[in-house]
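K.L.:
Here it is, the structure, as structure tokens.
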Amino acid sequence: MSTGAKRRERDDDDLDEELLPFKGLIRYERQIPVRQVSYYICGELKEPEYYSELFFTLRSASETDLIYLHLNSPGGDFNTGLQIINNIAASDARVVTLLEARAYSMAALIFLSGDEMYVHDNCQLMFHTYSGIFSGKGNEQEAEVAAVGKWFGKVMRRICTPFLSDVEIDKILKGGDFWVDSDEIRRRLRQVAAASAQPKRPAHKEAKVVVKVAEKVAEKGVGKAAAKKTRAPARTSA
């Protein structure tokens, strides 16, 4: 077939396609199995070896899995709670924590580690510092107390911020107990969600805001000292 004939055939095909009516989009669908798993963490947290099945479930889960952790616990073993929290963070699944009565101490930190958090009515969270028994020579005990205290402080700030303020965390680390009920928990979770939904101002825009504020102050004839006082809150509010 000659080149001219091929071109005419292509033109005819294009014309036929233009004349055909558009029948709408075609939907292509595939079904992916969604696995839902529930664990009820009730009572005191025991040693880590009792929770190996939960650890494995969290580690081996896929992105389409849903894992629900129902909480009603006074807390317990710090190492167990920390391993649960680390496995939640490492899991590909969506982990939902549900507060069904109380979650004190380490259980409260587990609750705050969920990808989603649900609170029933008439529930409580309680935060406080760690307690423990140390043995060995005096210098060894002192070193261990210092190391554990520093470790626990980092864990508290990483998990509880911004649900708790820095002032509240400081009071807890100094030995205070901090209690919140269902209404207050929901209020704080809404605040955290609203804050995370707000777009962050880029650094270059922040700099422009500072410059504009300084320019306006200078235009009004305010001295350099007043201009310096105006720049600091501009950075803070941004």
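K.L.:
Just to check, using Stokes-Einstein with a Kirkwood Rh over alpha carbon pairs, what's the diffusion coefficient of region 59-129 at 10 °C and 1.306 mPa s in µm²/s? The partial results should precede the final answer.
P.N.:
Working: Rh = 12.2 Å.
Translational diffusion coefficient: 130 µm²/s.
K.L.:
At 4 °C and 1.567 mPa s, grab the translational diffusion coefficient of region 22-91 from Stokes-Einstein with a Kirkwood Rh over Cα pairs, rounded to a whole number in µm² per second.
P.N.:
Details: Rh = 14.2 Å.
Diffusion coefficient, whole number: 91 µm²/s.
K.L.:
I would also like to ask the following. Would you please state which residues of region 37-80 a label at Lys150 would reach in this model, taking the label point 7 Å out along Cα→Cβ and a backbone N cut-off of under 20 Å?
P.N.:
Residues passing the 20 Å test: 79.
K.L.:
For a quick check of understanding: with a 1.4 angstrom probe and all protein chains in place, what accessible area in square angstrom does His128 have, to the nearest ten?
P.N.:
60 Å²
K.L.:
How far apart, in nm, are the 7 Å Cα→Cβ label points at Glu44 and Lys171?
P.N.:
Between Glu44 and Lys171, the label points sit 2.8 nm apart.
K.L.:
Which FRET efficiency value, to the nearest 0.05, is calculated for Phe22 and Glu63 with the Förster distance at 35 angstrom and r the Cβ-Cβ distance? Show your work: numbers first, answer last.
P.N.:
Values: r = 36 Å, r/R0 = 1.02.
After rounding, the FRET efficiency stands at 0.50.
K.L.:
Can you compute 3J(HN,Hα) from phi for each residue in region 45-56, using the Karplus curve 6.51 cos²θ - 1.76 cosθ + 1.60 with θ = phi - 60°, rounded to whole Hz and x for Gly and Pro?
P.N.:
6, 8, 5, x, 4, 7, 10, 4, 5, 4, 4, 5
K.L.:
Among Gly176, Gln198, Phe152, which residue has its Cα positioned farthest towards the positive end of the charge dipole of region 149-201, with +1 placed on the Cβ of Lys and Arg, -1 on the Cβ of Asp and Glu, and the dipole taken about the Cα centre?
P.N.:
In region 149-201, that residue is Gln198.
K.L.:
Binning every alpha carbon pair distance of region 18-157 at 10 Å from zero, what are the percents per bin?
P.N.:
11, 34, 26, 13, 7, 5, 3, 1, 1, 0
K.L.:
In nm, what is the difference between 0.36 nm times the number of residues separating Arg94 and Ser131 and their Cα-Cα distance?
P.N.:
Numbers: separation 37, 0.36 × 37 = 13.32 nm, distance 3.16 nm.
Here the segment from Arg94 to Ser131 would lengthen by 10.2 nm.
The values are calculated or read from the model by the stated rules, or taken from the named source; none is laboratory data. Everything numeric in this text was worked out from a predicted model, so none of it was measured. Neighbour counts are summed over all protein chains in view; Cβ atoms, including those assigned to glycine, are modelled from backbone coordinates with ideal geometry. Note: accessible area is taken over every heavy atom of the protein model, side chains too, but ligands, DNA and RNA are not part of it. Shrake-Rupley method; radii C 1.70, N 1.55, O 1.52, S 1.80 Å.
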